[in-house]
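The values are calculated or read from the model by the stated rules, or taken from the named source; none is laboratory data. Model, not experiment: these values are computed from the prediction. Quick reminder, even Gly has a Cβ in these numbers, built from the backbone with ideal geometry, and neighbours come from all protein chains shown. Keep in mind that these areas ignore ligands, DNA and RNA; they rest on the heavy atoms of the full protein, side chains included. Shrake-Rupley method; radii C 1.70, N 1.55, O 1.52, S 1.80 Å.
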Amino acid sequence: QVQLVESGGGLVQAGGSLRLSCAASFTFFYDYTMGWYRQAPGKQRELVADITGGGSTKYADSVKDRFIITRDNTRKTVYLQMNSLKSEDTAAYFCHGLHGSLHYWGQGTQVTVSS
């Protein structure tokens, strides 16, 4: 059974940093584009960042120059380093794996930024 397990969320003051991790159970992890989405209360889920197996990245404009997505294909893990956090970054963050038309989601981890 495919699993994505997130960790690293929590409460942080504005201006602080957090690092999220997502461990995947895919057999061929390199073949998956991995990403982080977030969903704030009353809002739609949105892409934060994603990264291909080869390391190409994409970011939402709202997090460019503050967040960094990386992956370790040996450990089958994707990371999201979040710096200069703002109150508007408060949301549930979900790990996502994409292979062709197949989508996989983690359970989510809460990030709360206090102002």
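List of remarks:
- Added length on full extension, which subtracts the Cα-Cα distance from 0.36 nm per residue, GLN39 to THR74: 9.7 nm
- Note on ALA23 and SER101: their simple-model spin labels are 3.3 nm apart, each label 7 Å out from Cα toward Cβ.
- Per-residue accessible area (protein heavy atoms, 1.4 Å probe) orders SER101, SER115 as SER115, SER101, starting from the largest.
- Between region 34-73 and region 78-109, the C-alpha centres lie 6 angstrom from each other.
- Comparing mean-square fluctuations of THR27, THR52, THR70 from a GNM of the chain with C-alpha springs under 10 Å, the top value falls on THR27.
- Computed 3J(HN,Hα) for region 109-115, one whole-Hz value per residue from the Karplus formula 6.51 cos²θ - 1.76 cosθ + 1.60 where θ = phi - 60°, is 9, 7, 10, 10, 10, 8, 9, glycine and proline marked x.
- Only protein atoms count toward the accessible area here, which uses a 1.4 Å probe; on the chain, the carbon and sulfur part of that area reaches 47 percent.
- Percentage relative contact order, region 1-109, counting C-alpha pairs under 8 Å, at least six apart: 35 percent
- Sequence of ARG19, ARG45, ARG75 when ordered by accessible area, the most exposed leading, probe 1.4 angstrom: ARG75, ARG19, ARG45
- Kirkwood estimate for region 32-95, i.e. one over the average of 1/r between Cα atoms, Å: 12.2 Å
- Taken along its three principal axes, the alpha carbon spread of the chain comes to 41, 26, 22 Å, from the longest extent down to the shortest.
- Backbone geometry of region 92-100 corresponds, through the Karplus equation with coefficients 6.51, -1.76 and 1.60 at θ = phi - 60°, to 3J(HN,Hα) couplings of 7, 10, 10, 7, 9, x, 10, 9, x Hz, x marking Gly and Pro.
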